[in-house]
Amino acid sequence: RGIELKHPIMVEQWAKHFKPFSVLDLGCGRGPYLYFWNWFTSRTMGAELSQWAIDHAFVPGILKTDITKCWCTDDTWDLITAIDVLEHLDDHGLNMCLAEMSNHGDKFIFSIPFIGDPNLTNDKTHKQFRTKDEWVKLIESHDIKIEETPQHWLFKDQILIGRKLYK
C-alpha cells in the first residue's frame, strides 16, 4: 500500500501528544508513518523484515531486522510505535518484541485489532486474538503502563498508548 491521508493526520496527532525527539517504528513496511515522522522529529528509524518493503520504501535507512529477536541496536527511543504488527506474531515472538520495546523505549503507541473488530478475522495472517483487556494486561506485564488514548485520535478504538514504568 502507499501513503494515505490518514498517515500525516495520525502522526501529527501523536507528535503533538508525545513531543518525541526520536521515533522507532516497528514493522514499518515501506515507511509511510516514518515519512511524516521526519517532519516532527530529529531522529527516526524503521525496523522491517520484508526486503521488498525496504527496497520500495518511502524513506531511506530502514533496518532489516526481525522484531521478535534481540535488536541490533543499543539505542533508546523517546517513542516506539508498533502499528498493525503485533497481532502477526506468535506468542513467543510477541513476548520477545514487547520485552525489547520495554528495554529500548520510554513512550509507546500500539495499533491492534481487538476481539470484536472485523479487521481481526479478515486478515488470515493474524496469530493473536485477544480482547482489549487481555492486550492491556500483557503489555503492562512488560513494565509499560497503558494510559487513556485521546478521544480525538483517528482509529482511537484500536490504539493503546503507554509509558515505561521505572522501578
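Points worth noting:
- Note on the chain: percent of Cα-Cα distances in each 5 Å bin, starting at 0 and stopping at the bin with the largest distance, equals 1, 9, 18, 23, 23, 17, 7, 1, 0.
- Residue separation of residue 43 and residue 56 scaled by 0.36 nm, minus their Cα-Cα distance, works out to 2.6 nm of gained length.
- Neighbour net charge for residue 132 - beta-carbon separation under 11 angstrom, K R +1, D E -1: -2
- Taking a Cβ cut-off of under 13 Å around residue 62, the surrounding Lys, Arg, Asp and Glu residues balance to a net charge of -1, with basic ones at +1 and acidic ones at -1.
- One chain, two ends: residue 92 and residue 63. Fully extended at 0.36 nm per residue, the span grows by 8.3 nm beyond their Cα-Cα distance.
- Neighbours of residue 150, meaning other residues whose beta-carbon lies under 11 angstrom from its beta-carbon, give a summed charge of 0 when Lys and Arg score +1 and Asp and Glu score -1.
- Among 98-104, 32-38, the peptide with the highest mean count of other Cβ atoms within 10 Å heads the list, and the full ranking is 32-38, 98-104.
- Largest to smallest in accessible area, the residues 42, 50, 111 fall in the order 42, 50, 111 (1.4 Å probe, all protein chains included).
- In Å², nearest 10: area of residue 96 left accessible to a 1.4 Å probe: 70 Å²
- Max-minus-min Cα coordinates of region 22-106 on each principal axis give 33, 28, 21 Å, with the largest extent listed first.
- The chain - percent of accessible surface contributed by carbon and sulfur, probe 1.4 Å: 54 percent
- Computed with a 1.4 Å probe over protein heavy atoms only, the accessible area of residue 163 comes to about 80 Å².
- Over the chain, DSSP H runs of length four or greater, each weighted -39,500 (n - 2.57), average out per residue to a 222 nm ellipticity of -9500 deg cm²/dmol.
The values are calculated or read from the model by the stated rules, or taken from the named source; none is laboratory data. No experiment lies behind these values; they were computed from the predicted model shown. Cβ atoms come from the backbone with ideal geometry, glycine included; neighbour counts cover every protein chain shown. Please note that ligands, DNA and RNA were not included when accessible areas were found on the heavy atoms of the full protein model with its side chains. Shrake-Rupley method; radii C 1.70, N 1.55, O 1.52, S 1.80 Å.
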